[in-house]
Every structure is written in C-alpha cells, then in structure tokens.
Amino acid sequence: MFGLRLIIILAVVGGLIAFIGDKLGSKIGKKKLSVFGLRPYYTSVLMTVITGVLIAATTIIVMAASSDSARTAMFGMEQLQDELRSLNKEKEAASLEIEKARADLADRNKEIQELDAERAQLAAEVSTSREELGRARAEVNSLTESKATLEAEVGSLEETTERLRRGIVAMREGSVVYRSGEVIYAGVLSSKLNDEENAKQMEMFLSAANEAAMQRMGIRSEEPVGVLWLPNELAQAALKEIQSADGNVFVRLRAVANIIAGEPAICTVELVHNECVYKDNELIFSKVIDVSDIKYGLDREILAFLNEVNHTAVRAGVMPDPLTGKVGNLDAGTMVQTGEKMADLGGQVMLKAYARGDIYTSGPVLLRLEVEDADKE
C-alpha cells in the first residue's frame, strides 16, 4: 500500500510541476519574456529544463523523505557495497571455519568409533574373563569335591587295610598275591540297560571281583571285607562307557602294582567291546608240517603251532592274558592224540585249528585240531 501511495503522490506532484512549467513556458513564450538576457525561445527551453529538474528533484526528495530503503539506495550504496564485501569475506572465513569444524568433527567421530570398538573389545574381554573365572570357580569347586571324595576314599581304604590286617588267617607275611598287571577278575557286562540297572550290574561285578580276591588271599570272614579298591572316577567312567556302547562289553580288573598279602588290591579297569571274533567251526590257522624232518619230537612242533594260533587270535581281536600273552589252553590229551595222528600219517601233514564254539573278544580260544594228509590237498 505504501508503494502505491508513493507512486500516486509522485505522479500528482510531477504532473502538477509539469503543468506549472508548461503554463510558465506558454506565458513566457506569448509575452516574449526574457530571463538572464536570453531570447524568449531559450528562456522557454530553460523553464522546461528547470521544470524537469524540479520534477526529478521533487521525486528524489519525496522518495528520500518517504522511504529509508530508497534513501539508503540513493545515498548509501557504496557503504552497502563495502558492507557486502566485508560480509562476503566474513562468509568465506565462516565457511573455512565450518569446513575445519566439519573435519574436526569427522576426526572426533572416528576417534569415537575407535573408542567404541575398544570399549566393545574390552567388554568382550571382560565377558570372557568372567566366563573363565566362572569355569575356574567351577573347576575349583569340582576339585574341592574330588578332594573330599578322595579323602573319604582314603579313609575308607585305611579302614579296609586295617580290617584286612585283622582278617587275614594263616597268610605268610610279605607274600605277593597279585603281580602287577595281573587280571584280578573279568566278565562280560551288557550295555542295553538303564542307569539303575547299569549301576546294579557294575555293583554285582565288583562284589564278585571282591569275593574272588578274598578267596585268592585266603580270607575267611563272616562279614564282607572290602579287599578290592577301584577309584570312583574310573568306576563312573566305566559306567558311562558301558552304557554308550553297542552290544556287550568285556570288563577286566587288573592290579596296578604287586599286591602284598595284607594290603588292599588296588586295581584299574579295562573295557573292550565284546565282539564275535570266530564263529563255531571257523578255521583259525593251518600249517603244513613235514613230520619226517622233525628231530626233537612232535610235542614241540605242536606247541609252536599253538603259539602261532595264539598270535593269530590276538591279531584278530581276542584279548590275551596280560602276563602270559595267551588266549587259551589245550589239554594234554588232545595234544597226545594230535601227535599220534601226525605220526601215523607221516610225511607232510596239514595241521588245522578250528574254533570250538563261538569265540568272542573276551576269549578263551577253545580249539578243535584236525590232521590231514597234505599230499591229498
């Protein structure tokens, strides 16, 4: 609205000045007046110029009086330009500061990210340390429990030792009852049982082993005497292995050292899957023997043959006796009959060893020997 009023005022004032100038020019022209000694025509022109100057001056004055913006545009342009240049310089400086601040901010962000990564790593290390501490505490608790168990077992073992010393009758002092590695007791246990049945059969197995050890030591006692000692950890491990096995398991208790009369039989446990190694009537080993070349008797040759049968059965998977290395025995009568047959045939004979019944990993290896004429083969 202010601009519109200003335009109307300027138009009215300009028109009024032009009208007055035109009337003055016309009068000067008609009356042929002269100003400053000029001719009337030039005087009229001068009045027209003065009128235009007045119009322009009036316009400028009115605008300057009416608007600060117009006054500033007419009289303060250079100052504005100086200020604008100064502001541009300040803007450029501010832009540089902003860029520098952004670069600093990026560096700070990078440092923050690195610190966050370090903090996450430290947190992970702390978590790992806590887990390791927890495991260490659990191990300490387990070791404490094991220590208490071992102390209890040691106490029980001391009591058993004392009872053994009181319960031994007519036993020569210092005699060796079991040699180191000797089998104290052996048996086949089933793996297809639940936890309770599995524990029950192990208890019965150890009870039978203890009874056999008492008989071996010559102990006669109305109340049961615990002469056998198997570490609880080994017993529990054996229970787990038996339960996780497929089929039956052959279990042997062996002396860990020479057992002297009057001391408990400290033993370890040995477990092997009891698999069928030879079927009934299966050929185990055969050999051609020239009877005519034998100089020292047939018994020695038969024993050498049986030794080879023993090695063959052990390689096949039959468990040997840890002291003798044997897997079975052959009665003297069978050896005599076999020697007589070999002598009757003479020359080269084929001696064969067959399984007498199914033979398992636990043994023993029972044999049926046959003698054939090798020349007929």
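If you roll a 1.4 angstrom probe over the protein chains with everything in place, what fraction of the accessible area of region 201-309 belongs to carbon and sulfur, to the nearest %?
Summing carbon and sulfur atoms, their accessible area is 48 percent of the total for region 201-309.
Label-point separation (nm) for N232 and A106, each offset 7 Å from Cα along Cα-to-Cβ?
In this crude spin-label approximation the distance works out to 6.8 nm.
Sort 101-114, 206-219, 189-202 for me by packing, meaning the mean count of neighbouring Cβ atoms within 10 Å per residue, highest on top.
My ranking of the peptides, most packed first, is 206-219, 189-202, 101-114.
How much net charge surrounds K100 when only the other residues with a Cβ under 14 Å from the Cβ of K100 are counted, with Lys and Arg +1 and Asp and Glu -1?
Every neighbour counted, the sum reads -3.
Longer than 32 Å from Cα to Cα, which of K200/K352; K192/K326; K147/K240; K240/K279; K147/K326 are they? Say none if no pair is.
K200/K352; K147/K326
How much length, in nm to one decimal, is gained on full extension between Q215 and I60, taken as 0.36 nm per residue of separation minus their Cα-Cα distance?
Gain in length upon complete extension: 41.7 nm.
Based on the Cβ-Cβ distance from T149 to I260, what FRET efficiency comes out when R0 is 30 Å, to the nearest 0.05?
0.70
Using 0.36 nm per residue, how much length does the chain from T324 to R137 gain when fully extended, once their Cα-Cα distance is taken away?
Taking 0.36 nm per residue and subtracting the Cα distance, the gain is 62.6 nm.
Less than 10 Å Cβ to Cβ from S362, Lys/Arg counted +1 and Asp/Glu -1: what total charge do the surrounding residues give?
The answer is 0.
Local charge sum around N198 (other residues, Cβ-Cβ under 11 Å, Lys/Arg +1, Asp/Glu -1)?
With Lys, Arg at +1 and Asp, Glu at -1, the neighbours total -2.
Stretch D299-E114 to full length: gain in nm at 0.36 nm per residue minus the Cα-Cα span?
So the extension gain works out to 57.8 nm.
Quick check: pseudo-label points 7 Å beyond the Cα along Cα→Cβ at D195 and T334, how many nm apart are they?
About 4.6 nm, to one decimal.
The values are calculated or read from the model by the stated rules, or taken from the named source; none is laboratory data. These figures come from a predicted structure and were not determined experimentally. Note that each Cβ is placed from the backbone with ideal geometry, even for glycine, and that neighbours are counted across all protein chains shown. Note: areas computed on protein heavy atoms with side chains; ligands, DNA, RNA excluded. Shrake-Rupley method; radii C 1.70, N 1.55, O 1.52, S 1.80 Å.
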